[in-house]
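For reference, the structure is listed below as C-alpha cells.
The values are calculated or read from the model by the stated rules, or taken from the named source; none is laboratory data. Please read all numbers here as calculations on a predicted model, not as lab measurements. Positions of Cβ are generated from backbone atoms using ideal geometry, with glycine treated the same way; all protein chains shown enter the neighbour counts.
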Amino acid sequence: MKTNLDIKPLLLVPVLALLALPLIGSVDTWLTLSVAGLAMGMIIFIMASGLTLVFGLMDVLNFGHGVFIALGAFVATSVLSGMVDWTQSQELWRNLVAVGSAMALAMVAAAVIGLAFERFIVRPVYGQHLKQILITMGGMIIGEEIIKVIWGPLQIALPLPEAMRGSLLWGDASIEKYRLMAVVVGLVVFALQAWTLSRTKVGLLIRAGVQDREMVESLGYKIRRLFVGVFVVGSGLAGLGGVMWGLYQQNVVPQIGAQVDVLIFIVIIMGGLGSTGGALIGALMVGLMANYTGFLLPKLALFSNIALMAAILLWRPQGVYPVANR
Amino acid sequence: MLKRLLSNDLPRSTWLAWTLAGVLLGLAFAPFLFPGVKALSVAAKILVFIVLVASFDLLLGYTGIVSFAHTMFFGIGAYGVAMSSSHWGATWSSLGVGVVLALLLTLVLALLIGLFSLRVRAIFFAMITLAVAAAFQTLASQLSEWTGGEDGLSFKLPALLLPSTEFSDTPFWGVNIDGRLLCYYLLFAAALLQFLMLLRIVNSPFGRVLQAIRENEFRAEAIGYRVVVYRTLSSVLSALFACMAGVMLALWLRYNGPDTSLSFEIMMDVLLIVVIGGMGTIYGSAIGAVLFLWAQSYLQDLLRWASDAVSAWPLLAALLSPDRWLLWLGLLFVLSVYYFPTGIVGRLRAKALL
C-alpha cells in the first residue's frame, strides 16, 4: 500500500499484547482478553477512521462525531426490536439479515444527518478552529438531547441475536462469537477503505488533499465536494460503529456518543491526525489496553489509555504516522 | 485610583459601566436587597461562577485555546475542601491544608497537560483535556472511600462560618448577622479580589503576549516569545483560579459531589456564559454569570409552562419539557457563536464607539 512502510508502529500492537501476558498470568485469560480487545479496537477504528480523514482533509475538528455513533446505535435498537422474528430465530442467516439491515439503516440515517450537520453546523466555520470546537460541541449536545426526545433518556437493551450469542472454546479460552464477527467486519471495512484510498481515483485525490489541499485545488478538483463526501461516509461509518458498539455492550445510553468520543480522540491523536493506518494501530492498542487494564486494574482503565497516549506522544509528538504538512 | 484598580482596562461604554456598577452593588448588598435563603444562594453561586468564568476567559478569550478540563480543576478545589474537612475535622488548619493541596495538585496536573498537549499543537489541547476530564470524573465517582462516590461528601466547616453562629441578637436591617452572612462576604471579597487580579493579569505585558499569540501564533513566536511557555503559563494560571472557584463553591454548599462540580453540564454552562458575556473581556464573565444564573431557573420555569401549554402535541411537549433544557441551551450556544461572537460586552463597546 505504501512504498516505504514504517514498520516500527506496526510492532507496537503485538509488543503491547506480549507485555500484558506475564502480568495476566494465564494464557487462556490473555487470549480471551486479547480477542475482546481486538474486537473493541476494530469497532473503534470503524468510528475513528472517518473523523481522522475529515480532519486531515479539511482541518475540521468535529467534536460532534459522537452524535452519529449514538444515532446509529439507537436506530439499531428500533430496527432490531422491530425484527424480533428474525433476531430470535436460531438460523444464523436470518440473524445476519436482521443485523445487516440494522447496520444499513443506521449507516443511511447517520450519513443523512451527517450531510445536514456538515451543511449547517460545520460549513459556516471552515478554517476557524476555535469556533469549530465550540460549534460542533454545541451540535453534539443538541443531537444528544434530540435523541433523548425521540428514544427517551433511559438505557435501552440491545441484545445480540440468538445465533451470535455464546462463545467458542479454544482450549480453555472462551472467545465470544460476536467478537470474532466484529473483528471480521472491522477487517472488511479496513480493507475496503485501504483499497479505496490506494487504488481508486477518489482515494488518490483524498490522499493528495490530506497532503496538500491547495495543490489539489489548483489542479482543478473541487476539494470541498470531496470533503462533503468524506464527511458523509465518515458519519455513516460512525453509525455502523455505533451499531457494533451497542451490540458489543448489549445496551445503549444517550451518552454513548460522548463516552466513545473520548476514546476516539485518544486514538486519532495517537495515530497521527489524518492517517487511517495510524488510526487502526491506535484503535487496536486502545482496545487491548482497555481490556487488559479492565481485568488488572478496573478503576484505572481510562487513565491507562491516556498514559499510553502520553507515552506515544513522547516518542512521536505528531502521532505514530505523522501526516506531512500539518 | 479606580483606573489603577481596574488595571487601566475601563469598561469603555457608559451602559457597560452602569451595568457593572449595578452588578457590583447588587452583589455587595445582596443579603439586604434580596432577603431569603434561595436568593442568597443564587448570589453566592453568581460569585463562584464569576471567578470560574473569568478564569476560563483568560484561556479561551485571551489565549485562544479551548479546554474541557476547566471543571476538573473546579472539582479539585471543591474536593480539596470537602475531603480535608470531612476526613481531618472541621478546623481552619485542615481547611487550609485542603486548599493548598488542591492548588498543588491543580498546578501539577495543569502543567503536565499543558506540556504534553501544547508542546505539539494547541488543537490537541481540547481533545486531551476532554479525555482527562472524563477519566477524572470516572475516578472521582469510583474512589468512593475518599470522595464519597456518586453521593458526594457533606461536611462541616469551622463554627465561625456556620449559620448557627449568631454574632448579634438583633437583626440588622432585617437580616440575621450570622456565620452564613460572614461566609457570603468572605466569598464576595474573594471573588472581587480574584476578579481584579485577573484583570491585572490580562492587562499586563504577559496578557498582551497572550493576545498576540491568539491573534497570530507564528508572528508571536517570530518576535521572540516562546509560545509554548506562555500558553502553558496561561493554562496553569486559569486552572489555579478555577480551583479557587471550586474552593468557594464547597465553602458555600458545605457539600461536594461529582454532579455539583465535575459534571459536563457545568462545563457547558461556563462555555455559554463566556460566549454570551463576551470572549476576551473579563467583564463579560460578570455580566454573563448574572444573566445566565438568573435565566437558568427562569428558562426551566418557562419551559415547564410551555410544555404544559402544548401538551396536546406529545412530540412538541417532549421537546419543551424542562428536562430537555440543555437542548435549548445548546441551540442558544450555537446561535450565539454564529451571530453574537463578541458577546454582550463586545456589542456594548462597539456601540459606544459609534
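Observations on the structure shown:
- Helices (runs of 4 or more DSSP H) lying entirely in segment B:1-90 (those with 2 or more residues that are at pLDDT 90 or above): B:14-28, B:37-57, B:70-88
- Tally, over segment B:185-227, of residues that are basic (Lys, Arg) and assigned to a loop (DSSP other than H, G, I, E, B): 1
- Any hit, segment A:156-177, residues being within 26 Å of A:Gln90 (Cα to Cα), more than 9 Å from chain B (Cβ to nearest Cβ) and of a type in the set (Phe, Trp, Tyr): yes
- Within the option set B:Ser93, B:Ser168, B:Ser164, being among the polar types (S, T, N, Q) and either part of a helix (DSSP H, G or I) or modelled with pLDDT of 85 or more (or both) holds for one residue only, B:Ser93.
- When B:Gly174, B:Gly207, B:Gly288, B:Gly224 are screened for being modelled with pLDDT of 90 or more, out of contact with any strand residue (DSSP E or B) (no Cβ under 9 Å at 6 or more places or on another chain) and over 25 Å from B:Gly343 (Cα atoms), only B:Gly224 passes.
- Out of B:Leu52, B:Leu60, B:Leu47, one residue alone is surrounded by 24 or more Cβ atoms within 10 Å (Cβ to Cβ) and within 14 Å of chain A (Cβ to nearest Cβ). It is B:Leu60.
- Selection from segment A:48-93 of residues that are crowded, with 18+ Cβ neighbours inside 10 Å and free of Cβ contacts under 8 Å to residues at least 24 places away in the same chain: A:Met83
- Qualifying residue in segment A:46-58 (condition: within 17 Å of the chain's Cα centre (by Cα) and among the polar types (S, T, N, Q)): yes
- Looking across segment B:110-140, just one residue is more than 10 Å from chain A (Cβ to nearest Cβ) and touching a Pro at 6+ places or on another chain (Cβ under 6 Å), and that is B:Ala140.
- Candidate set from segment A:242-278 (those that are farther than 20 Å from A:Met137 by Cβ and among the small types (Gly, Ala, Ser)); member that is surrounded by the fewest Cβ atoms within 10 Å (Cβ to Cβ): A:Gly277
- Among the residues making up segment B:240-274, those that are surrounded by fewer than 23 Cβ atoms within 10 Å (Cβ to Cβ) and of a type in the set (Ser, Thr, Tyr) are B:Tyr255, B:Thr260, B:Ser263.
- Test: residue in segment B:94-109 that is within 12 Å of chain A (Cβ to nearest Cβ) and buried (at least 16 other Cβ atoms within 10 Å of the Cβ): yes
- For segment B:304-321, a residue qualifies if it is within 12 Å of another protein chain (Cβ to nearest Cβ) and over 22 Å from A:Ile121 (Cβ atoms), and the qualifying residues are B:Ser307, B:Pro314, B:Leu315, B:Leu316, B:Ala317, B:Ala318, B:Leu320, B:Ser321.
- Elements of type helices (runs of 4 or more DSSP H) contained in segment A:198-316, each with 1 or more residues being closer than 28 Å to A:Ala104 by Cα, away from every other protein chain (no Cβ under 14 Å) and not β-branched (Val, Ile, Thr): A:201-211, A:223-249, A:276-296
- Only one entry of B:Leu130, B:Leu109 meets the criterion of being under 21 Å from the mean Cα position of the chain (by Cα) and modelled with pLDDT of 90 or more, and that entry is B:Leu109.
Here's the yes/no breakdown for (1) over 23 Å from A:Leu134 (Cβ atoms); (2) out of contact with any helix residue (DSSP H, G or I) (no Cβ under 8 Å at 6 or more places or on another chain); (3) buried (at least 17 other Cβ atoms within 10 Å of the Cβ):
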residue	(1), (2), (3)
B:Ile276	no, no, yes
B:Ile282	no, no, yes
B:Ala286	no, no, yes
B:Gln300	yes, no, no
B:Ser307	yes, no, yes
B:Ala312	yes, yes, no
B:Arg324	no, no, yes
B:Leu331	no, no, no
B:Leu335	no, yes, no
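- Subset of segment A:124-147 (residues that are more than 7 Å from chain B (Cβ to nearest Cβ) and in contact (Cβ under 8 Å) with a residue 40 or more places away in the chain): A:Tyr126, A:Gly127, A:Gln132, A:Thr136, A:Met137, A:Met140, A:Gly143, A:Glu144, A:Ile147
- Residues being buried (at least 18 other Cβ atoms within 10 Å of the Cβ) and in contact with a strand residue (DSSP E or B) (Cβ under 7 Å, 6 or more places away or on another chain) - total across segment A:143-174: 1
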